[in-house]
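This report refers to the structure that appears directly beneath it.
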């Protein structure tokens, strides 16, 4: 059992990591802190914007990042500027205000985890080239420099909100249950409602349209291109 905690003005949490589960128990204290969490210490009510601008500075390699993550005045300046640019009153923010921040910062995808709901994803913006992770603990927010690092895993899937390992003896790819078609391996397949049938000569499976068949032949179950050209049928290659 590995325990992680951090201090901030509202409360203290004890994080317990057992196997694939990471959850909170009643407030305690511990000397070890998660390196992937940047704690937001503040006495005002701009903790949401502070967390967002801090992780943005990290991802964008902002030259002032060290001062921002330490809660120096520049962190407050950036947070106030974000509120002003989006047109959101300075104060506590709900998911509605976070959606406005997401609409303004479209080049990055906001992913909000909730410590009060078993670290489930409670907000996920549209897919983008950059991902900004934020941890919500009660009414407070902290920045996450790495979603996979927070869970202590090799990777984190923003589509299904699950962390997973890519190494080990099996090296099985991520299945992304619930969002990936088991047939064509596409996230939220747009052809799911189609009544067409196209058969795969390799395995005999039926697909909605030819594009689904092509994806089935060329993609692994985590949506990546197949690494070997001599395996024409992905569903048989990964049995």
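The values are calculated or read from the model by the stated rules, or taken from the named source; none is laboratory data. This structure is a prediction, so every number in the text was calculated from the model and none was measured. Note that we place each Cβ from the backbone using ideal geometry, even for glycine, and neighbour counts take in every protein chain shown.
Output yes when any residue across region 84-91 is surrounded by 13 or more Cβ atoms within 10 Å (Cβ to Cβ), outside any loop (DSSP other than H, G, I, E, B) and either touching a helix residue (DSSP H, G or I) at 6+ places or on another chain (Cβ under 9 Å) or at pLDDT below 95 (or both), and no when none is. Among the residues of region 84-91, at least one is surrounded by 13 or more Cβ atoms within 10 Å (Cβ to Cβ), outside any loop (DSSP other than H, G, I, E, B) and either touching a helix residue (DSSP H, G or I) at 6+ places or on another chain (Cβ under 9 Å) or at pLDDT below 95 (or both), which makes the answer yes.
Report yes if residue 188 is crowded, with 16+ Cβ neighbours inside 10 Å and modelled with pLDDT under 75, otherwise no. No.
Looking only at residues in region 61-80 that are in a loop (DSSP other than H, G, I, E, B) and without any contact (Cβ under 8 Å) to a residue 24 or more places away in the chain, which one is nearest to the chain's Cα centre (by Cα)? Applying the filter and picking the extreme gives 61. Among the candidates 81, 128, 115, the residue that is out of contact with any helix residue (DSSP H, G or I) (no Cβ under 6 Å at 6 or more places or on another chain) and at pLDDT 95 or above is uniquely 81.
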